[in-house]
């Protein structure tokens, strides 16, 4: 097990175990992908998804060839149903290719201080050389939760999102069941692949204290 518990506002480590151990991190990768998508600007500008980007296995927000979306809609698709199609579509729209977007991911990771992380894919599907650790994911989650749009989206149990061709409203359901079963949970991301197994980054707030927890790789973030 690799895990860490930190206080969100100060970054104080309250508990850790194997927090620097390199592991596949599955869809917790999408914390970075969504953060970069929101930071890229023009969140509500419409565009047609790249048909090659959405041909991907695993969880999906339901994108089809020819669909019209916005970057904001893709963030909902990444952070709620954990859409691999959404992550890839955002990466290609922003950087032109998934590999170019991975360069952007690693640059941002360096800025945050994530020294035991290397991103290869925007979705987090298993790939050689794609890894992080509990400590780095805690740093990333602190950064992401300071983005108001990110914090709002990842804390929603479900949301109505408009996309498609023609566009229509769809209900996207969050895979993070702690949002409705754990008092004070306000985010952030689940994950699963055969190599990573189950991963979770959570953020909870009670009585003015906010914590971030990451396990297996796992991180809990707790905040004031």
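For a footprinting-style exposure proxy, rank 203, 133, 185 by other Cβ within 10 Å, fewest first.
185, 133, 203
For residue 149 and residue 22, calculate 0.36 nm times their separation in residues minus their Cα-Cα distance, and state this gained length in nm to one decimal.
Between residue 149 and residue 22, full extension yields 42.8 nm more.
If r is the Cβ-Cβ distance from residue 162 to residue 106 and R0 is 30 Å, what FRET efficiency results, to the nearest 0.05?
Plugging the Cβ-Cβ distance into 1/(1 + (r/R0)^6) gives 0.40.
Please list, by residue number, everything in the range 1-36 whose backbone N is under 14 Å from a paramagnetic label point 7 Å out along Cα→Cβ of residue 209.
So the set is 5-15.
Which of 189, 167 has the fewest other C-beta atoms within 10 Å, and how do the rest follow up to the most?
Fewest-to-most ranking of 189, 167: 167, 189.
With n ≥ 4 as the cut-off for DSSP H runs, can you work out [θ] at 222 nm for the chain, using -39500 (n - 2.57) per run divided by the number of residues, rounded to the nearest 500?
-9000 deg cm²/dmol
Give me 22, 130 ranked fewest to most by other Cβ atoms within 10 Å of their Cβ, as a rough exposure proxy.
Taking fewest neighbouring Cβ atoms as first place, the list is 22, 130.
Note down the nm distance, to one decimal, between modelled labels 7 Å out along Cα→Cβ at residue 64 and at residue 47.
2.3
Relative contact order of the chain: what whole-number percent is it, with Cα pairs under 8 angstrom and at least 6 residues apart?
28
If you work out Kirkwood radius over Cα pairs in Å from the coordinates, which of (i) 16.8; (ii) 20.3; (iii) 19.6 do you get?
(i)
I'd like the orientation of helix 30-39 relative to the chain: the angle between its Cα long axis and the longest Cα principal axis, in ° from 0 to 90, rounded to 10.
60
If you fit an axis through the alpha-carbon atoms of helix 84-95 and take the longest principal axis of the Cα set of the chain, what angle between them do you get, 0 to 90°, nearest 10?
The angle comes out at about 80 degrees.
Taking the Cα atoms only, what angle lies between the long axis of helix 98-112 and the longest principal axis of the chain, rounded to 10 degrees?
Tilt relative to the chain: about 30 degrees.
What is the projected area of the convex hull of the Cα atoms of the range 157-203, averaged over all directions, in nm²?
The directionally averaged projection comes out at 4.4 nm².
Could the peptides 49-55, 149-155 be put in order, highest first, of the mean number of other beta-carbon atoms found within 10 Å of their residues?
Final packing ranking: 149-155, 49-55.
For the chain, what proportion of DSSP beta bridges, expressed in % and rounded to the nearest 5, is antiparallel?
Among the beta bridges of the chain, antiparallel pairing accounts for roughly 75 percent.
Values in this text are rule-based calculations from the coordinates and carry no lab data. Values in this document were obtained by computation on a predicted structure and should not be read as measured data. Using ideal geometry, Cβ is built from the backbone for each residue, glycine included, and neighbour counts are taken over all protein chains shown.
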